[in-house]
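Undergrad: Here's a structure for you.
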Amino acid sequence: MSKLETRLLAFAISLLLIATSAAEAQIPPGGVPPAGRGGGGRGRGAVQVMTLTTTAFNDGGTIPTKYTQVGEEASPPLAWTGAPDSAASFVLIVHDPNAATGNGLDDVLHWMVWNIPGSARALPEAIPHGATLAGGNTRQISVSGPYFRGAAAPASGPPHHYLFELYALDTMLDVPAVGQSPAATRAAIVAAMAGHVRGKAVMVGVFRRPAP
């Protein structure tokens with residue numbers, strides 16, 4: 001799978017997830033439009049293209065062992081540019097579309113961080129475990145708990161593409177980090193995002209466990 005194909009798959013998955021969750025939550029249509037189009041039919045402007053980077057690896061490159069389950073499983077340092085002035089918060093979703101689950105519209109969630117302040121332009125390396133980050137408003141989950149879950153594609157198969165998707169929202173999200181399953185929390189966040197996305201960035205990391 002090429003980097004372009006991976007990016008297109010990532011965008012398609014995010015559209016399907018948001019549309020499905022919005023429908024289940026009875027939210028009016030108009031979730032995340034393609035970049036450069038209208039803002040979900042609500043007159044709030046286009047979805048701005050942002051840039052997400054890390055000093056740990058190049059976009060489309062191999063994720064170093066330190067940030068995987070083979071190593072320290074530390075979250076990589078992240079930085080972004082091009083955020084819209086309307087950003088009130090950011091949501092980061094790290095997932096593996098090569099590990100689809102259920103009906104194929106969901107996949108393994110390696111990290112979801114929401115209510116990142118709209119003034120933020122970076123996340124430091126090795127975010128501590130815990131449902132809430134410093135300050136109390138920023139929250140995190142993964143499929144296995146309130147922390148970053150490192151890449152872990154098996155050595156027996158092809159490399160997996162880990163997608164780091166950053167969304168700029170024009171609102172904060174009133175979704176708790178505890179009290180329900182990670183899958184239910186993810187669905188609630190995606191539903192709450194519908195109609196509020198004002199910017200998006202995508203970065204790809206590749207990993208496969210080394211052969212024993």
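Undergrad: Can you pull out the residues in segment 127-163 that are more than 22 Å from I116 (Cα to Cα), out of contact with any helix residue (DSSP H, G or I) (no Cβ under 6 Å at 6 or more places or on another chain) and either crowded, with 18+ Cβ neighbours inside 10 Å or of a type in the set (A, V, I, L, M) (or both)?
TA: Initially, segment 127-163 is screened for residues more than 22 Å from I116 (Cα to Cα), giving 151-161.
Cutting the leftovers down to out of contact with any helix residue (DSSP H, G or I) (no Cβ under 6 Å at 6 or more places or on another chain) gives us 151-160.
Correct list: A151, A152, A153, A155, H160.
Undergrad: Just give me the residues in segment 102-149 being without any contact (Cβ under 8 Å) to a residue 40 or more places away in the chain, in a strand (DSSP E or B) and closer than 21 Å to T54 by Cα, in sequence order.
TA: Within segment 102-149, W111, V113, I116, P117, R139, Q140 qualify.
Undergrad: Taking the condition of being charged (D, E, K, R), assigned to a loop (DSSP other than H, G, I, E, B) and out of contact with any helix residue (DSSP H, G or I) (no Cβ under 9 Å at 6 or more places or on another chain), how many residues in segment 44-76 meet it? Talk me through it step by step, then tell me what you get.
TA: As a first pass, look at segment 44-76 and keep what is charged (D, E, K, R): 44, 59, 66, 72-73.
Now narrow it down to the ones that are assigned to a loop (DSSP other than H, G, I, E, B): 44, 59, 72-73.
This time we only want the ones that are out of contact with any helix residue (DSSP H, G or I) (no Cβ under 9 Å at 6 or more places or on another chain), so: 44.
The qualifying residues number 1.
Undergrad: A further question follows. Scanning for something surrounded by fewer than 21 Cβ atoms within 10 Å (Cβ to Cβ) and farther than 17 Å from A79 by Cβ, does segment 164-171 turn up at least one residue?
TA: Yes, segment 164-171 contains a residue that is surrounded by fewer than 21 Cβ atoms within 10 Å (Cβ to Cβ) and farther than 17 Å from A79 by Cβ.
Undergrad: Between T20, T81, which is under 18 Å from the mean Cα position of the chain (by Cα) and modelled with pLDDT of 95 or more?
TA: Details: T20 fails: modelled with pLDDT of 95 or more.
Result: T81 is the single residue among T20, T81 that is under 18 Å from the mean Cα position of the chain (by Cα) and modelled with pLDDT of 95 or more.
Undergrad: Does segment 188-209 include one or more residues that are assigned to a loop (DSSP other than H, G, I, E, B), out of contact with any Gly (no Cβ under 8 Å at 6 or more places or on another chain), modelled with pLDDT under 95 and small (G, A, S)?
TA: No, segment 188-209 contains no residue that is assigned to a loop (DSSP other than H, G, I, E, B), out of contact with any Gly (no Cβ under 8 Å at 6 or more places or on another chain), modelled with pLDDT under 95 and small (G, A, S).
Undergrad: Taking A177 as meeting all but one of (1) more than 24 Å from G61 (Cβ to Cβ); (2) in a strand (DSSP E or B), write down the number of the exception.
TA: Unmet condition: (2).
The values are calculated or read from the model by the stated rules, or taken from the named source; none is laboratory data. Because the structure is a prediction, the values reported are computed rather than measured. Because the Cβ atoms are built from the backbone with ideal geometry, glycine has one as well, and the counts that use them run over all protein chains shown.
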